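Where a number appears in this text, it was derived from the coordinates with a stated rule and is not lab data. This one's a predicted model, so the numbers in the text were calculated from it and none came from an experiment. Every residue, glycine as well, gets a Cβ built from its backbone with ideal geometry; the counts of neighbours run over all protein chains shown.
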Amino acid sequence: MAPTPRPGILDIEPYVGGEASLPGFDRPARLASNENALGASARARQAYLAIADDLQRYPDGGAGALRAAIASVHRLDTGRIVCGAGSDELIALLVRSYAGPGDEVLYSRHGFLMYPIAATTAGATAVAAPETADLKADVDALLARVGGRTKLVFLANPNNPTGTYLPRTELERLRAGLPDGTLLVIDAAYAEYVDDAAYTDGADMVDAGAADGGAEVVMTRTFSKIHGLAALRLGWLYGPREVVDVINRVRGPFNVAKPALAAGEAAVLDREHVARSLDHNNRWRDWFRQQVGGAGLEVLPSAANFVLVRFADPAQAEAAVTHCRQHGVLTRQMAKYGLPDCLRVSIGADWEMRMAADAFAGFARQHGLDGAERTA
Ligand SMILES: *Cc1c(COP(=O)(O)O)cnc(C)c1O
């Protein structure tokens, strides 16, 4: 008889990453995984290569230099930062540490898929709250689903795949409405892309804590997006001292590899590369929305490095994926996120965005969505 995993594990649908190759195309436009269009910082690459002479050495298990660099750039307390093998690892460790069988983990309906996966893996129950009609997290709906068994609430801000975010006032209303002893995890994977004084990545809320009741806050961040280091698997969290102490007990002693520590330190200090990446993203995100919107398709507003293109129905979205693939463009289908009529398109390099805009415009023409008169 085969060994039996814990209840719930076999109900998990494995996370499937975005497609990276396309038969018949040597260089497809890879717009399925929200990777940095400009690649990694040249300094991060140098730091990574330098580790080649030191591969016999264990990494610094405390990630001291990297945490100090993060703390100096973001003006945070070094002692309350924990690094992980991608923020995915930290999300999983937070759930495993604070929720188990009988507990609930709350997230919003079109939130990041790793939250329900991590919850189910830990034996907890994932509870989804509906979002507003414009695909934003709904604080009232989230609070309505909080009960005595709710241990963690996850909110990606901005969210993947919707590209929407809540302002500080709404985050604070959510935090204050949660019972004492719950943990609000603000996943700020795309924080660098937001340009709005009403926005917070959540670090100030971590510092403020739950002095007047409500939830304590943990912020998670990643090097996979604006820093262009997705290959190395590197993320970090900033939290209250008690939470940091817990995560440091349960994480692997050398959970972040040495090349990731070195490249991450160089990347976070390279503010020029961050600024260039942001500038590229904003320009091409606007351009793509104009082009594809002008071609007759609906492109939703986004504060991150991707956009959603929404179609009339799931069948049309499916046809658009196929059309894009035939034209060398890889996008992401959104059925698993409860958005089967949408495709997510990452903001890629110049040539990738031109290819994608051409493919979508061609699709719109073929399907008569461009408003042009047709003669038989
Ligand atoms: C991409 C992404 C992450 C980053 O995950 P890593 O494991 O750090 O690569 C985290 N949260 C959200 C919402 C994301 O889209």
Worksheet entry | GNM top mover of Thr162, Thr150, Thr322 - the chain, alpha-carbon springs below 10 Å | Thr322
Fill in: Given charges at Cβ of Lys, Arg, Asp, Glu: the range 253-311 dipole, positive-most of Val299, Asn255, Phe288
Val299
Item to complete: Can you find, among Met1, Val16, Leu155, the residue farthest towards the positive end of the dipole of the chain? Put +1 on the C-beta of Lys and Arg, -1 on that of Asp and Glu.
Response: Met1
Worksheet item: So what J values fall out for the range 9-26 if you push phi through Karplus, 6.51 cos²θ - 1.76 cosθ + 1.60 with θ = phi - 60°, rounded to Hz, Gly and Pro as x?
Response: 4, 6, 7, 6, 8, x, 5, 10, x, x, 5, 10, 9, 9, x, x, 10, 5
Item to complete: Compute the relative contact order of the chain as a whole-number percentage, counting only Cα pairs closer than 8 Å that sit 6 or more residues apart in sequence.
Response: 23 percent
Worksheet item: Which of Thr164, Thr331, Thr121 comes first, and how do the rest follow, when ranked by fewest Cβ neighbours within 10 Å?
Response: Thr121, Thr164, Thr331
Worksheet, complete the sentence: Of the residues Thr331, Pro101, Gln56, the Cα lying farthest along the dipole of the chain towards its positive end, which is defined by charges on the beta carbon of Lys, Arg, Asp and Glu, belongs to Gln56
Fill in: When the convex hull of its Cα atoms is projected in every direction, mean area for the chain (nm²)
21.6 nm²
Discussion item. Rounded to the nearest 20 debye, what is the charge dipole size of the range 116-206 about its Cα centre when +1 sits on each Lys and Arg Cβ and -1 on each Asp and Glu Cβ?
Written reply: 500 debye
Worksheet item: Given H placed 1.01 Å from N in the peptide plane, which residues other than close sequence neighbours of Val127 have an amide H under 5 Å from its amide H?
Response: Val105, Leu106, Tyr107
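For the pairs Lys136/Lys258; Lys136/Lys225; Lys151/Lys258, flag any whose C-alpha to C-alpha distance is greater than 27 Å.
Exceeds cut-off: Lys136/Lys258; Lys151/Lys258.
Please work out how much length the chain gains when fully extended from Met1 to Ala315, using 0.36 nm per residue of separation minus the C-alpha to C-alpha distance, in nm with one decimal. Show your work: numbers first, answer last.
Values: separation 314, 0.36 × 314 = 113.04 nm, distance 4.22 nm.
Fully extending the segment from Met1 to Ala315 adds 108.8 nm.
Taking only DSSP H segments of four or more residues, each worth -39500 (n - 2.57), what value at 222 nm results for the chain once the sum is divided by all its residues, to the nearest 500 deg cm²/dmol?
On the way: 12 runs with 139 residues, N = 376.
So the helix-based figure for the chain works out to -11500 deg cm²/dmol.
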Item to complete: Output the antiparallel fraction of DSSP beta bridges having both residues in the range 171-289, as a percent to the nearest 5.
Response: 45 percent
Worksheet item: Leu183's amide H: which non-local residues (gap 5+, or another chain) put their own amide H closer than 5 Å, with H modeled 1.01 Å from N in plane and none for Pro or chain starts?
Response: Leu152, Val153
Fill in: Mean Cα-pair separation over length for the range 320-376, i.e. relative contact order, pairs under 8 Å, 6 or more apart, %
30 percent
Worksheet item: Which value, in debye to the nearest 20, describes the size of the charge dipole of the range 10-60 about its Cα centre when Lys and Arg Cβ atoms bear +1, Asp and Glu Cβ atoms bear -1, and nothing else is charged?
Response: 320 debye
Worksheet item: If you put +1 on each Lys and Arg Cβ and -1 on each Asp and Glu Cβ, how big is the dipole of the chain around its Cα centre, in Debye rounded to 20?
Response: 640 debye
